[in-house]
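Some notes on the structure that comes next.
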Amino acid sequence: MTMSKPEFLNRAGLEVQTLDTWLEQHWLIPDQTSTGTNFSEMDVARAHLIRDLKVDFGVNDEGVEVILHLVDQLHGLRRALAQLNRDLQETSR
């Protein structure tokens, strides 16, 4: 499910200025289509993570950058491992 910027702001509980800053920092990278910017549920979850890191845990911008990079690496490794597992299952048949 995709959502518009106003829907995203409502779901994520963010102000426009905060979203603009996070977009500039590439902490959120929504899909860009011919109809405009489309946000996903993953973007909402990532915005909640960023907000929690900054507000609840007091992580500064540099720390958020490092944490998001590590989370992205972890997800990439999980996808690669899942693909390797699928490939191994196919070759063993």
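The values are calculated or read from the model by the stated rules, or taken from the named source; none is laboratory data. Predicted model, so just to flag it, every value in this text is computed and none were measured. As a convention, Cβ positions derive from the backbone with ideal geometry for all residues, glycine included, and neighbour counts pool all protein chains shown.
Say we look at the range 53-93 and pick out the residues that are among the β-branched types (Val, Ile, Thr) and surrounded by 13 or more Cβ atoms within 10 Å (Cβ to Cβ); which of these is farthest from the chain's Cα centre (by Cα)? Even if it seems obvious, please write down each step before you answer.
Let us first name the residues in the range 53-93 that are among the β-branched types (Val, Ile, Thr), namely 55, 59, 64, 66-67, 71, 91.
Subsequent filtering for residues that are surrounded by 13 or more Cβ atoms within 10 Å (Cβ to Cβ) retains 59, 64, 67.
Working: VAL59: 17, VAL64: 12, ILE67: 12 Å.
Among residues in the range 53-93 that are among the β-branched types (Val, Ile, Thr) and surrounded by 13 or more Cβ atoms within 10 Å (Cβ to Cβ), the one farthest from the chain's Cα centre (by Cα) is VAL59.
Which of the residues that make up the range 14-32 are touching a helix residue (DSSP H, G or I) at 6+ places or on another chain (Cβ under 7 Å) and exposed (fewer than 14 other Cβ atoms within 10 Å of the Cβ)?
Going through the range 14-32, the residues touching a helix residue (DSSP H, G or I) at 6+ places or on another chain (Cβ under 7 Å) turn out to be 14, 16, 19, 22, 27-28, 30.
Across the range 14-32, the qualifying residue is only VAL16.
Take the range 70-93 and flag every residue that is among the charged types (D, E, K, R) and in a helix (DSSP H, G or I). Spell out how you get there, then give the answer.
Taking the range 70-93 and keeping what is among the charged types (D, E, K, R), we get 72, 78-79, 86-87, 90, 93.
ASP72, ARG78, ARG79, ARG86, ASP87, GLU90, listed by residue number.
Pull up the range 20-58, narrow it to residues that are in contact with an Asp or Glu (Cβ under 8 Å, 6 or more places away or on another chain) and hydroxyl-bearing (Ser, Thr, Tyr), then point me to the one that is farthest from ASN10 (Cα to Cα).
Per the criteria, the residue is THR37.
Among the residues of the range 14-52, which ones are over 15 Å from the mean Cα position of the chain (by Cα), part of a loop (DSSP other than H, G, I, E, B) and at pLDDT 95 or above?
Answer for the range 14-52, where residues must be over 15 Å from the mean Cα position of the chain (by Cα), part of a loop (DSSP other than H, G, I, E, B) and at pLDDT 95 or above: just GLU15.
Residue by residue through the range 53-69, note down the ones that are part of a helix (DSSP H, G or I) and within 16 Å of THR21 (Cα to Cα).
Let us first name the residues in the range 53-69 that are part of a helix (DSSP H, G or I), namely 53-56, 61-69.
LEU53, LYS54, VAL55, ASP61, GLU62, GLY63, VAL64, GLU65, LEU68 - these are the residues of the range 53-69 that are part of a helix (DSSP H, G or I) and within 16 Å of THR21 (Cα to Cα).
So which residues in the range 53-93 are modelled with pLDDT under 95 and among the β-branched types (Val, Ile, Thr), if there are any at all?
Matches in the range 53-93: THR91 only.
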